[in-house]
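Student: My questions will all concern the structure given below.
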Amino acid sequence: MLDLQFGCGCRPEEAPGARWWQVLWPTEKSPGVLRVREVVAAGQIDDGKTIGSLRDAILPGVIAEPLREWREIAATHGLQTGPQEFIVPGRAPRHGREHPGGHMTRSQEKRWGGKYLRPACRAVARSDTVRDYLADATPYAGRRGHISSRLAAGESVPAVAESCGTSRKTITAHYHEDLGDDFERPYPRFEEQLARAETEVARTWTPRAPATETLRCEAGDHDWERPKRPGSKPRSCPEHRRTRARADVSALAPRPGAIGASESCLEAV
């Protein structure tokens, strides 16, 4: 979510509506593009309501690489990653062809800011006084940071307005004057800013161990662990499931010396 908002300038409702087919990966000769087409509003997929909602946003290489990694991670965990699947998957059910499902539900959409984003930003603000401004971060903070950083790097207001789907007047009124003296001049290109931020995060970030869950195996009457995942929980551990499958196959196999039904009928005749 934050990669799409801060890196590509997506609105909070545009990021969960993005699908993999909308990603044009960067190459040595051309920059990457994210084709913004749909939004998630109140847990439903909808077309953008304004001309600015249908646009080609920039996709910096520094953001494209984590997206590639995320796609691989999602696939290893059983999530769908085809062209029509959502980059940010959710639990919305399928309703016919027009509503394919798989995107964020209304509940997930509402909880993103309050339950996940704000607590994470406040924790960073408490641990590092240099970033205490993150204590007041909102779901729109990523997009605001995207626009402000590109303006600080010297990009023109019309170029930023076009790729972010907003007007020059809005940028001049709400973003351009907010820069103040907080940015050094000249500021590096936007992609270089992203690279610096990525390096800083990698230097200070301590990866967490994968989340696990403990389940009860009814067949063996013992506990077992597996990586945490959504969905129904199995009632037995993998070993007992394999044992049961082998037993089922053995039960279906013909026994030595047994007479089949057709042979029994012939003998009766």
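Student: Out of Ala57, Ala92, Ala75, report the one residue that is surrounded by 11 or more Cβ atoms within 10 Å (Cβ to Cβ) and in a loop (DSSP other than H, G, I, E, B). Give the derivation first.
Tutor: Values: Ala57 fails: in a loop (DSSP other than H, G, I, E, B); Ala75 fails: in a loop (DSSP other than H, G, I, E, B).
Among Ala57, Ala92, Ala75, only Ala92 is surrounded by 11 or more Cβ atoms within 10 Å (Cβ to Cβ) and in a loop (DSSP other than H, G, I, E, B).
Student: Here is a check on your reading of the model: is Pro12 in a loop (DSSP other than H, G, I, E, B), free of Cβ contacts under 8 Å to residues at least 40 places away in the same chain and within 19 Å of Glu109 (Cα to Cα)? Break it down stepwise before answering.
Tutor: On the way: in a loop (DSSP other than H, G, I, E, B): yes; free of Cβ contacts under 8 Å to residues at least 40 places away in the same chain: no; within 19 Å of Glu109 (Cα to Cα): yes.
When the stated conditions are applied, Pro12 does not pass them.
Student: Out of (1) within 22 Å of Leu34 (Cβ to Cβ); (2) of a type in the set (Asp, Glu); (3) modelled with pLDDT under 85, what's the single condition that is false for Glu162?
Tutor: (3)
Student: Looking for something among the acidic types (Asp, Glu), assigned by TED's automatic domain parsing to the domain that holds Leu79, at pLDDT below 80 and assigned to a loop (DSSP other than H, G, I, E, B) - is there at least one such residue anywhere in the range 167-178?
Tutor: Looking for residues that are among the acidic types (Asp, Glu), assigned by TED's automatic domain parsing to the domain that holds Leu79, at pLDDT below 80 and assigned to a loop (DSSP other than H, G, I, E, B), one finds none in the range 167-178, hence no.
Student: Looking only at the range 95-129, how many residues end up being surrounded by 13 or more Cβ atoms within 10 Å (Cβ to Cβ) and among the charged types (D, E, K, R)?
Tutor: 6
Student: Just for the range 194-234: of the residues that are among the polar types (S, T, N, Q) and either in a strand (DSSP E or B) or under 22 Å from the mean Cα position of the chain (by Cα) (or both), which one is modelled with the lowest pLDDT?
Tutor: Filtering first and then ranking leaves Thr206.
Student: From the list Ala141, Ala64, Ala135, which residue is of a type outside the set (S, T, N, Q) and either in contact with a Lys or Arg (Cβ under 9 Å, 6 or more places away or on another chain) or surrounded by fewer than 17 Cβ atoms within 10 Å (Cβ to Cβ) (or both)?
Tutor: Ala135
Student: Can you go through Val39, Val33 and tell me which one is modelled with pLDDT of 90 or more, β-branched (Val, Ile, Thr), under 20 Å from Ala141 (Cα atoms) and not in a helix (DSSP H, G or I)?
Tutor: Result of the check over Val39, Val33: Val39.
The values are calculated or read from the model by the stated rules, or taken from the named source; none is laboratory data. All values reported here derive from a predicted model rather than from experimental measurement. All Cβ positions, glycine included, derive from the backbone under ideal geometry; neighbour counts span all protein chains shown.
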